[in-house]
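First up is the structure itself, then whatever we jot down about it.
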Amino acid sequence: MQNASFFIKYKLHHFIFWMLVLGSWFFLRRENYATSGIAFLVSLIKVVDLAFLIYVTNFVLIPRFLYKKKYLWFGFIFIVLILSSSMIKMRILGIIIDNPALYTWTSDIKSRIYDNILPHFFLVIAGAAVKLIFDYGKLQQRMAETAKEKAEAELNFLKSQINPHFVFNSLNAIYFLINKDNADARTTLHQFSEILRYQLYEMNGEKIPIEKEIHYIKDYTELQQIRKDENYGVKFICAPDVKGFTIEPLLLIPFVENAFKHISHYTTKPNDVTINMSRENGSFCFIVENSTEAVTKNVSGGIGLANVKRRLELLYPGKHQLAINEIENKFTVKLKLEIHEY
């Protein structure tokens, strides 16, 4: 790994590449010249000329003109560069191999174009194509990293909106216990401390085991039950096979909070919240139901549910199904997530 970094830092891979090109060029063309010395010198001049054209095109013309959409300037300078380099190269080669015909374009111009202009043009274009491919790959990588950082920042912001809301709800529940038996107060405080511990210490990773999320939701529902009288009931149903996979933390609690927030307040019949968790065909099914007195306005548009919908779009794109309905004084949330066991 360190050797690779050393090569990239000092561009040694470029040097090795051009040495291979020089060696190949010399090996293939040495028989066309009187001596090996002349063949090597001619090969060296051609390779240096080609490398010069490619580097000027890739590191000057493309960044300064092509990427800035100055296409006419890029094309004009590129053509002038090819023509000028070809003329200079031909004159130098003419002196080395003692061939005055190479000094001027008036002698066999078609041959000059075929032997110099076209090879230069296509070889430099090929080098530019490699540059564009690498730059495109780096751009895509940067875009992916930026999108990931943006998504993570947005998720952290969404979590920060959810957590304080829950803390205030919990403190409100403890408030109702001040004048009650101390044993109940101690139990509640213990549950509350467990909830805070979960939020502060168990959410450092990207995902957490479903078992911890279930325990967190159960503590929350027990805190809410303490606030309610005998007309309020909570059913907490969790199938035994709901285990062995991970989930994003605090993904489910907004639905439970919403159920308690909008529960009915009947005095002559029960008010209930039902939480049901199960597994079905490789998916995790989470259902929350609560009784309501009338059609609940804007329940599905609150901050908590809006946040969790956005999180689902970011974290489980195309891998979740969410249905929110209210029928016959019953508000129901059904969430299905594709899961992978660990």
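The values are calculated or read from the model by the stated rules, or taken from the named source; none is laboratory data. The structure presented is a predicted model; accordingly, all values stated were derived computationally and were not measured. All Cβ positions, even for glycine, are placed from backbone atoms using ideal geometry, and neighbour counts span all protein chains on display.
Filtering the range 56-102 to residues that are surrounded by 15 or more Cβ atoms within 10 Å (Cβ to Cβ) and hydroxyl-bearing (Ser, Thr, Tyr) leaves THR57, SER85, SER86.
Within the range 1-31, track down each residue that is aliphatic (A, V, I, L, M) and at pLDDT below 50. Steps first, answer last, please.
Keep residues of the range 1-31 that are aliphatic (A, V, I, L, M), which gives 1, 4, 8, 12, 16, 19-22, 28.
MET1, ALA4 - these are the residues of the range 1-31 that are aliphatic (A, V, I, L, M) and at pLDDT below 50.
If the condition is being modelled with pLDDT of 85 or more and of a type in the set (Ser, Thr, Tyr), then the range 271-326 contributes THR274, SER278, SER283, SER291, THR292, TYR316.
Residues of the range 29-47 being of a type outside the set (Lys, Arg), over 17 Å from ILE95 (Cα atoms) and surrounded by 11 or more Cβ atoms within 10 Å (Cβ to Cβ), which ones?
VAL47
Scanning the range 110-117 finds no residues that are at pLDDT below 80, of a type in the set (Ser, Thr, Tyr), loosely packed, with under 12 Cβ neighbours inside 10 Å and not in a helix (DSSP H, G or I). Across the range 243-283, the number of residues qualifying as out of contact with any Phe, Trp or Tyr (no Cβ under 9 Å at 6 or more places or on another chain), closer than 16 Å to GLN321 by Cβ and charged (D, E, K, R) comes to 1. Inside the range 244-283, residues that are touching a residue at least 12 places away in the same chain (Cβ under 8 Å), surrounded by fewer than 20 Cβ atoms within 10 Å (Cβ to Cβ) and on the phi > 0 side of the Ramachandran plot make up a count of 2.
For first residues located in the range 60-78 and within 14 Å of ILE125 (Cα to Cα), partners that are surrounded by fewer than 12 Cβ atoms within 10 Å (Cβ to Cβ) and acidic (Asp, Glu) and lie 6+ apart or on another chain with Cβ distances below 9 Å do not occur. Return the pair list, or none, for Cβ contacts closer than 8 Å from residues in the range 120-135 that are at negative phi to residues that are assigned to a helix (DSSP H, G or I) and surrounded by fewer than 11 Cβ atoms within 10 Å (Cβ to Cβ), at least 6 apart or on different chains. Within 8 Å, no pair qualifies.
Every residue, every condition in (1) at pLDDT 70 or above; (2) in a helix (DSSP H, G or I); (3) in the same structural domain as ILE54 (by TED's automatic domain parsing), yes or no:
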| residue | (1), (2), (3) |
| --- | --- |
| LEU132 | yes, yes, yes |
| GLU152 | yes, yes, no |
| LEU155 | no, yes, no |
| PHE166 | no, yes, no |
| LEU200 | no, yes, no |
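Taken over the range 14-40, residues that are part of a helix (DSSP H, G or I) and of a type in the set (Ser, Thr, Tyr) amount to 2.
Restricting the range 234-270 to residues that are of a type in the set (Gly, Ala, Ser) and closer than 12 Å to SER291 by Cβ, which is modelled with the lowest pLDDT?
Within the range 234-270, the match that is modelled with the lowest pLDDT is SER264.
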